[in-house]
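Asker: Let me begin by handing over the structure; questions about it come next.
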Amino acid sequence: MSEHMMDTLTAYLQTLDLPGGIRDLTNAELERLATEVRSRILEVCATNGGHLAPSLGTVELTLALLASLDLEHDQVVWDVGHQSYAFKILTGRCAEFSTLRCKNGLAGFPRRSESPYDVFGVGHSSTSISAALGLACARDLSNLRHHVVAVIGDGALTGGEAFEGLNLAGHQGRRLIVILNDNEMSIAPNVGAMSRFLSRTLSRRWFRQTRKDVLAFLRTIPHVGGKLAVYAERGEWSFKSFFTPGMLFEAFRFAYIGPVDGHDIPALRQHLERALAVEDGPVLLHVRTQKGHGFRAAEQDPTHYHGVGHFVPETGKLLPSKSTVPSFTRVFGQELVRLGRKDPRVIAITAAMPDGTGTTDFQVSLPERFFDVGICEQHAVTFAAGLSCAGYRPYVCIYSTFLQRGYDQIVHDVCLQDLPVIFCIDRAGLVGQDGGTHQGAFDIAYLRSIPNMHMLAPRDENLLARCVVTAADLGHSVSIRYPRGSAFGVAIDPERKPLPCAQGEVLHEGKDLAVLAVGSCVHPALAAAQDVEERYGCSVLVYDPIWLKPLPEEEIADILGRFACVLTVEEGARAGGFGSAVLELAADRDLLGRARVVRLGIPDMFIDHATQAEQRHDLGLDREGIARKLGELAEQAGFVGKKAE
């Protein structure tokens with residue numbers, strides 16, 4: 001698209017009264033607007049990153065919704081929110097869209113505090129139907145008449161909560177519209193029986209031609225031909241519903257409409273009007289879309305363009321990362337393949353995110369021992385428990401924020417039975433622009449209290465490699481947490497020796513202050529300790545516990561007994577985290593009167609979207625922040641720093 005065309009389209013978008021003005025547009029004007037919205041999404045995502053392909057796939061659907069609904073009254077709930085960028089642009093946030101995922105800018109997901117049109121905040125999968133049903137129930141209790149619409153992707157429909165919502169909605173029989181956005185993908189290609197079922201369609205050429213010929217013949221019959229054609233079309237829908245997903249949704253007592261071409265605005269508007277006209281129960285409108293529609297690179301590779309970093313909008317060429325050091329995720333994936341080739345017990349399990357969890361190499365190298373279970377974290381955990389009962393060593397690879405969804409299964413199906421399931425917790429800690437719904441802040445706190453759970457927090461890629469090996473023969477439930485982003489460029493030992501249980505490591509000796517740092521905070525703590533020593537003339541001990549559970553109690557108790565002030569640093573929630581564990585140990589050993597324990601970590605709040613560096617800086621979890629806190633403690637201990645030059 002030429003620069004002139006972009007400018008013309010932008011001016012057109014800015015003249016509209018959004019979102020209400022969309023209802024007055026013709027189909028041709030909506031098509032023009034779709035082109036402009038798609039360009040705006042490309043322009044911003046090329047710079048800011050974000051969920052590109054799913055949002056490109058729902059531009060026409062969003063326009064059809066806004067053309068058919070009155071958002072001053074009607075309500076739309078988006079599932080996950082990966083596909084909601086067009087909705088943001090078209091509901092009064094076009095001018096701000098350039099701030100998407102930036103600090104103090106627009107969130108990457110629907111957010112109630114951001115806009116009155118974001119009626120329900122999301123970020124995790126499969127919640128839209130339940131939330132929309134709650135809104136519909138509230139509407140009916142309040143004797144109101146507006147429409148409530150849930151938009152759910154076919155990937156999110158693999159999650160159990162979606163079916164729980166469908167079940168209750170069908171049972172209650174309330175007016176509710178569920179739009180199934182079927183692009184045959186979630187993040188990676190969908191798996192399972194549901195995906196295959198949704199893919200069934202009577203769209204072969206012979207069927208279409210036969211249909212056309214029969215309807216044309218019926219219409220030629222004098223007097224009754226028109227009625228016969230109508231009856232035939234109705235019978236066709238009944239016939240198709242038996243062989244297509246209509247059969248499933250009708251079983252849930254939903255009226256089924258579709259499938260409809262999700263990029264055909266006139267057809268979308270027509271079928272939406274049919275759905276809105278239903279007064280006596282829930283409706284499911286099945287819409288077929290193409291992920292990445294309108295941008296060739298994303299159409300051809302929707303997996304890699306699902307969530308992107310920087311790229312060239314004209315060509316789609318992805319711009320390389322500034323860091324040449326591999327990510328923790330990449331290192332983990334390589335180590336799992338290495339171990340899997342040696343140990344036939346090793347299984348890799350992921351919940352619809354083989355790329356995101358680094359398990360794609362395992363999938364290619366050892367496909368018979370790789371399982372993508374779909375967006376079903378609860379199932380993934382219990383499935384792994386069953387495998388471990390038979391002697392296998394399943395590595396369950398899930399982001400910290402998503403593992404929360406399987407908490408009950410971790411407690412009862414794994415830890416209660418003391419089964420050797422290994423939880424590989426990617427994105428532990430601060431995750432950057434994905435914001436509050438995705439921060440990995442709570443895994444230390446929510447796992448530490450569970451009996452039989454062992455917990456490891458490697459500080460670098462070498463320790464991560466050793467953790468992967470250690471977990472295989474530990475014989476108990478174990479979690480390994482590691483952060484998003486590049487590792488530290490540390491060489492990996494040729495021989496990955498298992499780590500001795502409940503033993504940490506003193507990385508830097510000192511006698512005046514002590515820092516106990518966890519995982520990704522260890523290297524910044526080492527640098528901060530050096531800064532403080534140079535400025536204040538004191539010496540700072542830096543200790544890495546490696547094991548968060550069982551704690552290296554004797555080693556930590558020794559430090560608490562020798563130092564008047566101990567600083568703990570972790571990229572996790574302070575409440576219930578590693579620092580809390582140190583305080584508990586100090587209380588149990590009657591050491592609180594001798595040692596003052598100061599904790600750095602994530603406070604009792606949800607962390608907003610920004611870059612990881614910005615988040616760490618704001619929370620004092622980078623080199624500068626740790627040094628500042630250590631400096632305060634040094635001054636309180638009587639050390640006088642050098643004057644600022």
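The values are calculated or read from the model by the stated rules, or taken from the named source; none is laboratory data. Here the structure is a predicted model, which means the values were calculated and not measured. With ideal geometry, Cβ positions are generated from the backbone for all residues, glycine too; neighbour counts draw on all protein chains shown. SASA here: full protein model, heavy atoms, side chains in, ligands and nucleic acids out. Shrake-Rupley method; radii C 1.70, N 1.55, O 1.52, S 1.80 Å.
Asker: Would you kindly state how much longer the chain becomes between Asp261 and Ser142 on full extension, computed as 0.36 nm times their sequence separation minus their alpha carbon distance, in nm to one decimal? All intermediate terms of the calculation are to be shown ahead of the outcome.
Answerer: Numbers: separation 119, 0.36 × 119 = 42.84 nm, distance 3.54 nm.
Roughly 39.3 nm would be gained on extension.
Asker: Listed here are the pairs Lys322/Lys342; Lys88/Lys629; Lys103/Lys291; Lys103/Lys549; Lys291/Lys549; which of them are more than 31 Å apart at the Cα? Walk me through the intermediate numbers first.
Answerer: On the way: Lys322/Lys342 34 Å; Lys88/Lys629 40 Å; Lys103/Lys291 28 Å; Lys103/Lys549 34 Å; Lys291/Lys549 43 Å.
Table pairs above 31 Å Cα-Cα are Lys322/Lys342; Lys88/Lys629; Lys103/Lys549; Lys291/Lys549.
Asker: Within the chain, what whole-number % of the accessible surface is contributed by carbon and sulfur, with the 1.4 Å probe and all protein chains included in the calculation? Write out the running numbers ahead of the final one.
Answerer: Numbers: 14290 of 27070 Å².
Percent of accessible area from carbon and sulfur atoms in the chain: 53.
Asker: For Lys511 paired with His476, estimate the spin-label separation in nm (one decimal), with each label point 7 Å from Cα along the Cα-to-Cβ line.
Answerer: 3.7
Asker: Within the range 64-171, which trypsin sites (Lys or Arg not before Pro) sit in a loop by DSSP and count at most 16 neighbouring Cβ atoms inside 10 Å? Kindly include the intermediate steps, with their values, before the conclusion.
Answerer: Values: sites: Lys88, Arg93, Arg101, Lys103, Arg111, Arg112, Arg139, Arg145; in loops: Arg101, Lys103, Arg111, Arg112, Arg145.
Counting only loop positions with at most 16 other Cβ atoms within 10 Å, the trypsin sites (Lys or Arg not before Pro) in the range 64-171 are Lys103, Arg112, Arg145.
Asker: Pick out, from Cys102, Leu516, Phe371, the residue whose Cα sits farthest towards the positive end of the charge dipole of the chain, with +1 on the Cβ of Lys and Arg and -1 on the Cβ of Asp and Glu.
Answerer: Phe371
Asker: What are the extents of the Cα atoms of the range 362-485 along their three principal axes, listed from largest to smallest and rounded to whole Å?
Answerer: Sorted largest first, the three principal extents are 40, 32, 28 Å.
Asker: May I ask you to list the GluC sites (Glu not before Pro) in the range 265-303 that are in a DSSP loop and have at most 11 other Cβ atoms within 10 Å of their Cβ? Before the final figure, lay out each step's value.
Answerer: Values: sites: Glu273, Glu279, Glu299; in loops: Glu279.
Taking the range 265-303 and a limit of 11 other Cβ atoms within 10 Å, the loop GluC sites (Glu not before Pro) found are Glu279.
Asker: Straight-line reach from Lys511: which aspartates and glutamates fall under 19 Å, measuring Cα to Cα and dropping same-chain residues less than 8 apart?
Answerer: Partners within reach: Asp531, Glu533, Glu534, Asp544, Glu554, Glu555, Asp558, Glu632, Glu635.
Asker: So how compact is the range 45-149: Cα radius of gyration and Dmax in angstrom?
Answerer: Gyration radius and largest Cα-Cα distance of the range 45-149: 13.8, 46 Å.
Asker: Over all pairs of distinct alpha carbons, what does the Kirkwood formula give as the hydrodynamic radius of the chain, in Å? Don't jump to the answer; show the numbers that get you there.
Answerer: Details: mean 1/r = 0.0371 Å⁻¹.
Result for the chain stands at 26.9 Å.
Asker: Moving on to the next point. Send over a whole-number figure in Å² for the accessible area per residue of the chain, probe 1.4 Å.
Answerer: On a per-residue basis, the chain sits at 42 Å².
Asker: By how many nm would the segment from Arg594 to Ala637 lengthen if fully extended, with 0.36 nm per residue of separation less the alpha-carbon distance? Before the final figure, lay out the partial values.
Answerer: Details: separation 43, 0.36 × 43 = 15.48 nm, distance 1.38 nm.
Difference between extended and current length: 14.1 nm.
Asker: Could you calculate the contour length gain from Arg562 to Met247, that is, 0.36 nm times the residue separation minus the distance between their Cα atoms, to one decimal place in nm? Working shown, then result.
Answerer: Values: separation 315, 0.36 × 315 = 113.40 nm, distance 7.06 nm.
Working it through step by step, the gained length comes to 106.3 nm.
Asker: Okay, next question. If I model a spin label as a point 7 Å beyond the Cα along the Cα-Cβ vector, how far apart are those points for Asp493 and Arg628 in nm?
Answerer: Going from the Asp493 label point to the Arg628 one covers 3.7 nm.
Asker: Taking the Cβ-Cβ separation of Thr315 and His617 as r and a Förster radius of 41 Å, what is the calculated FRET efficiency to the nearest 0.05?
Answerer: Details: r = 34 Å, r/R0 = 0.83.
About 0.75, to the nearest 0.05.
Asker: Tell me which cysteines of the chain come out unpaired when the rule is another cysteine's Cβ under 4.7 Å.
Answerer: Cys with no partner Cβ under 4.7 Å: Cys45, Cys94, Cys102, Cys137, Cys376, Cys389, Cys415, Cys467, Cys501, Cys521, Cys538, Cys565.
Asker: For the range 566-645, run through the trypsin sites (Lys or Arg not before Pro) and keep only the ones in DSSP coil with at most 10 other Cβ atoms within 10 Å of their Cβ.
Answerer: Lys642, Lys643
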